[in-house]
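J.: Below is the structure I would like to discuss, written out as structure tokens.
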Amino acid sequence: MTKKGKLVTFEGIDGSGKSTMLSRLQNLNESSPLCETGTAFTREPTKDSLTGKAVYAAIENHVDPLAELFLFLADHAAHLDETVRPALAAGNLIISDRYSDSRCAYQGATLEKTIPDAFNFVRRLHEPWTVKPDLTFWFNISPEVSCERCKDRGAQTKFERVDFLKEVTANFKKLADAEPDRFVILDAEAAPEVNEKIILEKIKTL
């Protein structure tokens, strides 16, 4: 990892512990660097960028699903240009809470009644220009537990419905089945310490 950067992504439905794990690794990295050339922690949608704000506004205002998809794509493009590619060029390890696979899973579900084979439509939109992750951790959790966790923390959005999340989970499974060498499936209901150990061991092999 001293010569070439690596991209690691965390995927899964809300309430699966992705953001909590990212924070744990950030804290660990401060005392024991995960990569000697530097580690960047990021997320999609981006938080404070113009494109990221547009995505969050679209989610809150229930815009057309297709328009929402293209806002996500615009944010992904900006994220690649401003964060991902520079970090990889510098030889850094970059860890992202959500990435393009979330679009395939979520927008593949929201557009299912609008566009034939929406899952593959969304995937094909990314393929010519995105940066493929070296390693993806799928935090797999039951939709029922996910909704309970989101409700408990007051963080529910329009996406947090059990029936919808079952479709999203099925799409994540399609992605993991298609690329078993890239995906590591984690039990998101296990103790964080258990998954942290698995993640650190896998990152060391990059």
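J.: Just to be sure I understand, how many residues within the stretch 126-143 are more than 22 Å from residue 188 (Cβ to Cβ) and open to solvent by 50 Å² or more (accessible area, probe 1.4 Å)?
T.: Here is the first cut: in the stretch 126-143, the residues more than 22 Å from residue 188 (Cβ to Cβ) are 126-132.
Add one more test, that the residue is open to solvent by 50 Å² or more (accessible area, probe 1.4 Å), and what stays is 127-129, 132.
Here the count works out to 4.
J.: Scan the stretch 44-90 for residues that are β-branched (Val, Ile, Thr) and part of a helix (DSSP H, G or I) and jot them down.
T.: Applying the first criterion (β-branched (Val, Ile, Thr)) to the stretch 44-90 yields 46, 51, 55, 59, 63, 83-84.
Passing the criteria: 51, 55, 59, 83, 84.
J.: Please state which of the following conditions residue 191 fails to meet, knowing it meets all the rest: (1) over 15 Å from the mean Cα position of the chain (by Cα); (2) under 26 Å from residue 62 (Cβ atoms).
T.: Answer for residue 191: the failing condition is (2).
Conditions tested, residue by residue: (1) of a type in the set (Asp, Glu); (2) open to solvent by 50 Å² or more (accessible area, probe 1.4 Å); (3) on the phi < 0 side of the Ramachandran plot.
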residue	(1), (2), (3)
27	no, yes, yes
30	yes, yes, yes
35	no, no, yes
39	no, no, yes
43	no, yes, yes
46	no, no, yes
51	no, no, yes
57	no, no, yes
61	no, yes, yes
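J.: Would a scan of the stretch 109-130 turn up a residue that is of a type in the set (S, T, N, Q), at pLDDT below 95, assigned to a loop (DSSP other than H, G, I, E, B) and closer than 29 Å to residue 32 by Cβ?
T.: no
J.: Report, ordered by the first and then the second residue, all pairs with beta carbons closer than 9 Å, sequence separation of six or more or different chains, a first member in the stretch 169-192 that is within 15 Å of residue 102 (Cα to Cα) and open to solvent by less than 20 Å² (accessible area, probe 1.4 Å), and a second member that is aromatic (Phe, Trp, Tyr) and part of a strand (DSSP E or B).
T.: 172/138; 172/183; 175/138; 175/183; 176/138; 176/183; 183/137; 183/138
J.: List the pairs whose first member sits in the stretch 88-102 and is open to solvent by less than 10 Å² (accessible area, probe 1.4 Å), whose second member is in a strand (DSSP E or B) and among the polar types (S, T, N, Q), and whose Cβ atoms are under 6 Å apart, counting only residues at least 6 apart or on separate chains?
T.: Pairs that qualify, where the first residue is open to solvent by less than 10 Å² (accessible area, probe 1.4 Å) and the partner is in a strand (DSSP E or B) and among the polar types (S, T, N, Q), are 93/39; 96/9; 96/42; 99/9.
J.: What tally of residues in the stretch 6-17 results from selecting those that are modelled with pLDDT of 95 or more and either over 12 Å from the mean Cα position of the chain (by Cα) or of a type in the set (D, E, K, R) (or both)?
T.: 2
J.: All but one of (1) touching a residue at least 24 places away in the same chain (Cβ under 8 Å); (2) of a type in the set (Gly, Ala, Ser); (3) surrounded by fewer than 23 Cβ atoms within 10 Å (Cβ to Cβ); (4) touching a helix residue (DSSP H, G or I) at 6+ places or on another chain (Cβ under 6 Å) hold for residue 118, so report the exception by its number.
T.: (1)
J.: Follow-up question, since we're still on this one. Taking residue 148, is it open to solvent by less than 40 Å² (accessible area, probe 1.4 Å) and at pLDDT below 95? Full working, then the answer.
T.: Values: open to solvent by less than 40 Å² (accessible area, probe 1.4 Å): no; at pLDDT below 95: yes.
Here the answer is no, as residue 148 does not meet what is asked.
J.: I've got another one for you. Quick check: is even one residue across the stretch 62-85 of a type in the set (Asp, Glu), under 23 Å from residue 119 (Cα atoms) and free of Cβ contacts under 8 Å to residues at least 24 places away in the same chain?
T.: yes
The values are calculated or read from the model by the stated rules, or taken from the named source; none is laboratory data. Computed from a predicted model, the values in this text were never measured in an experiment. Cβ atoms come from the backbone with ideal geometry, glycine included; neighbour counts cover every protein chain shown. These accessible areas exclude ligands, DNA and RNA; they are computed on the full protein's heavy atoms, side chains included. Shrake-Rupley method; radii C 1.70, N 1.55, O 1.52, S 1.80 Å.
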